[in-house]
Structure formats: structure tokens, C-alpha cells
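Visitor: Structure in C-alpha cells, see below.
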Amino acid sequence: MIQSETEKSMIDSMYEEIGISRPVLSFGRRVEARLAERFHQIDTTAEYNQLKVIRAMQKNRVCAEHFAASSGYGYNDDGRDTLEKVYADAFHAESALVRPQIICGTQALYLALSANLLPGDELFSPVGKPYDTLEEVIGIRESIGSLREYGVTYAQAELKEDGSFDYDAIRAGITPRTKLATIQRSKGYASRPTFSVRQIGELIAFLKSCKPDIICMVDNCYGEFVEEIEPTDVGADMIVGSLIKNPGGGLAPCGGYIAGREDLIERCARRLSSPGLGKEVGANLGVNRDLYQGFFLAPTVTASALKGAILAANIYEELGFRVIPNGSESRHDIIQAVELMSAEGLCAFCEGIQAAAPVDSYVTPVPWDMPGYDSQVIMAAGAFVQGSSIELSADGPLRPPYTAFFQGGLTWPHAKLGILMSLQKMWEKGLVRLPEKA
Ligand SMILES: *Cc1c(COP(=O)(O)O)cnc(C)c1O
């Protein structure tokens, strides 16, 4: 809140010093002023989720000893075990596996799938093609070590044209061998909509009505704490995510989690360590405090990222660009896509995100031939944790419609600065015209 004229001009001159021109700042402020009601809703969700996390920490009597490092086998690591109970309670699940040994979201998903699918079983996606990195995990693209190599087959039902579930195709896609359904909550970098938790609940109910013993797993990446409920509240048997996205709160240096039914999580633990060892081993190597504190911060960090996504959508929509989700839609993940319509636009946008970062702000991102992509890709990130996408970051492939995928922001002021700086770079290069004051 701006208290006085003096403070207001202090902020204005600080924006000027950091490189935001007056016209960009006042346009940004005009757009922001319209978003007060939505931001209030986001704060209310964060407030609820904050209480949920604190309550889970209190219930499990979290104390300073839990932050101690363990080494070697990690036997009797009470901090690790308690953190898993905190995750389980916050997500209303029976059990959880939360480990720095899980490298990233892809590995967490691979773990959950490979632990719970045996040769002859079929994996089913009722929501179309899964996230890119899962293609090799499943064996949709031939790959050494894929589930397919181990005799697990795969089927999928496409979404309808409008992005809704095709219940007939889903019913037809389930066979006696269908063991597990994988449901991706976030659209990731696809063009379909992201599902609300309530929609996921309806889908799960339908899947269980077709086959009562089907295991429903939700890829929860980018979705944690965006709503008051998680897929485990609407019948998901497992939810899976990355700690360098929402639930790590920006502090987790690495890791992944799986939460859900006790028997399924036990299988995951045995697959991660080994049969006979299960959850009992795994040294925390000193990261526990960051994992606890990051989870504590996650609800408000997620809220900051959401506000940034909504501001970006509204700014670029007003300037005539197509944005997905649009400026007024309800949100179910933290990703914002902006179609910038030119290579120069995409590069300028990313330059702005980079220039606004606390780390590596002085470098200029350039497009490169990234392995696995059929066109050049540009990426902007000035993060404390490498590759962290809960921190402010943007990237996109250099091909029409030149979409920037924008996400993260540990604090709202930083998310806002990043967006203003992206606009500044576009404006300086003559790629946008700012509307006259309305
Ligand atoms: C990020 C993401 C993944 C993979 O996570 P990584 O940590 O990048 O391996 C999987 N699914 C979705 C929807 C994601 O957003």
C-alpha cells in the first residue's frame, strides 16, 4: 500500500533506477489496479493453505531436532520421517515419500509408475498425451529402460476438441489389464486447459465406476496450493510432484514427493531404496530445514507466482496478444503462455525476465539448439536453484506463434518487476505500443 506521496515517489524513482520507464510503469499500474478483487481471492486461498501447512506441522510436533543432517544409511532419521507425515497430513493422504534422492518431477513420476505397474499391466491416460519427458518413461518414444521395455503397455484417450473429457473414449479405453490411470493436472506446455481439482474428482469417480480397483495417479506438478483442495481430497490414490516447483517454496535445493495410499507409497519406497529397506533408509544430507521451511513458505510463494501470471495475462491481453489462460479465467496452475507473434518479441520478453532477476541479471539469453527440440529454444532464468521453475523464469521455442511460457516468482514484487521489465524491453524495441491513458 502506498502511504504517502513521498513513498510513492521513492518507489517510482527506484523503478526508474532499475530500468523501468514512466510510461511502462503507469500502464502496468493501470492494469494492476483492476486486479484487486482477484488478488484478494488468491490471498484468501494462500491464507487457508498456510493454516493447513502450519496445522500439519503442529500436529506432528515439528521441532529443531528435525532439521539435523543425517548421513550414511540415514537410519532413524526422525526429521525425514516427520516431514513425510507433514506432507501426508497437509495433503490429506495416508502416507508420503518426500526425498532429496528423487531428482526431479520426472523421476518421481517414473518411480510411482514403475513401483506400481508390473509386466502385463496397462497404463492409461484419460487426458491425452502426457508431459514430454514422460514419453520416454512410458515408451511412447522408444527408450532404454522404459516401462514398455518391462512389459507394461500404454493406452490413452484423447480429450475432446474443447479440452473436456471424452467419457465414451475413456470407458472404451479401459481393459481388464488397465491397472493405473495417470492424470496430468497442469497443461504443462501443451495447449489444452489445465484441469481444476473438482474436474479431476469427477474424472476419478468415472474411472472408478468403470473399474473400481483402478489406481488413479495425478501428476500434480505446478498445481500444489493453487486451490484449497488437492487431488487427494477428491479420490486420487497418489499425487506426484517436484520440490523445485510449488511445494519446495523456492528453498528446496532438489527433490520430489509422492503422497497417497499407504500400500502404494510403500511400493514406491521399496522401488527407490530396495525391497526390505523401503522408507527406513535415505540420509537427508542436511537439506531437511530447507524442505520444511520451503513447504511452510509454499502457499504464499505460489500466490506470488499466480499474481504474476495474472498480471502478465492482463497486460499482454490488453496489448493485443493472445494469452493462455486469458486475463479473466480461473487458474489451476501457475503457467502463463503469451503468444508474442515474432522471434524478436519472444527474445525481448525473455531478455526482460532475465534482466529483472536477482541472479545472472547481466547476461543476455540467446536461442540455442536444445537436445530433444525440433526448433531453437530461448530460456530466461536467474534462479538461486538451478532449473527451479517456482522462481521467475520464461522460455519458448523459436517457431510461430512464438509463445513465451512464463512461470514462477518467489515474491510478488519480483514477479511484477519481471513482467514490467519484459514489457520495457518490448517497448524499447518498438514491438508494442502502449495505449493512451484510458
Ligand atoms: C515439470 C513437470 C514435469 C516434470 O518435472 P521435472 O522436474 O522437470 O522433471 C512433469 N509433469 C508436469 C505437468 C510438469 O509441469
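Visitor: Name the helices (runs of 4 or more DSSP H) wholly within region 1-104 that hold at least 1 residues that are under 23 Å from ARG270 (Cβ atoms) and in contact with a His (Cβ under 7 Å, 6 or more places away or on another chain)? If you could, list the steps in order and put the result at the bottom.
Guide: Numbers: elements: 5-18, 22-33, 36-59, 78-90.
Helices (runs of 4 or more DSSP H) meeting the threshold: 78-90.
Visitor: Filter region 182-212 down to the residues that are of a type in the set (Gly, Ala, Ser) and either more than 10 Å from the ligand (Cβ to nearest atom) or in contact with a His (Cβ under 8 Å, 6 or more places away or on another chain) (or both) and list them by number.
Guide: Passing the criteria: SER186, SER191, SER196, GLY201, ALA205, SER209.
Visitor: While we're on this one: Among the residues of region 390-406, is any in a loop (DSSP other than H, G, I, E, B), surrounded by fewer than 17 Cβ atoms within 10 Å (Cβ to Cβ), of a type in the set (A, V, I, L, M, F, W, C) and at pLDDT 95 or above?
Guide: no
Visitor: Kindly evaluate ALA236 against the criterion of being assigned to a loop (DSSP other than H, G, I, E, B), within 14 Å of the ligand (Cβ to nearest atom) and either without any contact (Cβ under 8 Å) to a residue 24 or more places away in the chain or among the hydrophobic types (A, V, I, L, M, F, W, C) (or both).
Guide: No: the conditions fail for ALA236.
Visitor: Quick one: is ALA169 within 15 Å of the ligand (Cβ to nearest atom), not basic (Lys, Arg) and not in a strand (DSSP E or B)?
Guide: Spelling it out, it is not the case that ALA169 is within 15 Å of the ligand (Cβ to nearest atom), not basic (Lys, Arg) and not in a strand (DSSP E or B).
Visitor: Looking at region 357-379, can you tell me whether even one residue there is assigned by TED's automatic domain parsing to the domain that holds ALA303, buried (at least 21 other Cβ atoms within 10 Å of the Cβ) and either within 15 Å of the ligand (Cβ to nearest atom) or assigned to a helix (DSSP H, G or I) (or both)?
Guide: No, region 357-379 contains no residue that is assigned by TED's automatic domain parsing to the domain that holds ALA303, buried (at least 21 other Cβ atoms within 10 Å of the Cβ) and either within 15 Å of the ligand (Cβ to nearest atom) or assigned to a helix (DSSP H, G or I) (or both).
Visitor: Hey, among PHE225, PHE195, which residue is assigned to a loop (DSSP other than H, G, I, E, B), buried (at least 21 other Cβ atoms within 10 Å of the Cβ) and on the phi > 0 side of the Ramachandran plot?
Guide: PHE225
Visitor: Examine region 289-303 for a residue that is closer than 23 Å to LEU134 by Cα and touching a residue at least 40 places away in the same chain (Cβ under 8 Å), and state whether such a residue exists.
Guide: No, every residue in region 289-303 fails to be closer than 23 Å to LEU134 by Cα and touching a residue at least 40 places away in the same chain (Cβ under 8 Å).
Visitor: Kindly indicate whether any position in region 113-129 is β-branched (Val, Ile, Thr), buried (at least 22 other Cβ atoms within 10 Å of the Cβ) and either in the same structural domain as LEU147 (by TED's automatic domain parsing) or modelled with pLDDT of 95 or more (or both).
Guide: Taking region 113-129 as the starting set, the residues that turn out to be β-branched (Val, Ile, Thr) are 127.
Narrowing the set further to residues that are buried (at least 22 other Cβ atoms within 10 Å of the Cβ) leaves 127.
Then drop every residue that is not either in the same structural domain as LEU147 (by TED's automatic domain parsing) or modelled with pLDDT of 95 or more (or both), which leaves 127.
Looking for residues that are β-branched (Val, Ile, Thr), buried (at least 22 other Cβ atoms within 10 Å of the Cβ) and either in the same structural domain as LEU147 (by TED's automatic domain parsing) or modelled with pLDDT of 95 or more (or both), one finds at least one in region 113-129, hence yes.
Visitor: Within region 312-330, which residues are surrounded by fewer than 23 Cβ atoms within 10 Å (Cβ to Cβ), under 21 Å from the mean Cα position of the chain (by Cα) and not β-branched (Val, Ile, Thr)?
Guide: Correct list: ASN314, PRO325, ASN326, GLY327, SER328, GLU329, SER330.
Visitor: Can you pull out every residue in region 174-200 that is over 16 Å from GLY128 (Cα atoms) and out of contact with any Asp or Glu (no Cβ under 8 Å at 6 or more places or on another chain)?
Guide: The answer is PRO176, ARG198.
The values are calculated or read from the model by the stated rules, or taken from the named source; none is laboratory data. It should be emphasised that the depicted structure is a prediction, and the values quoted were computed from it without experimental measurement. For neighbour counting, all protein chains shown are included, and Cβ atoms are generated from backbone atoms with ideal geometry for every residue, glycine included.
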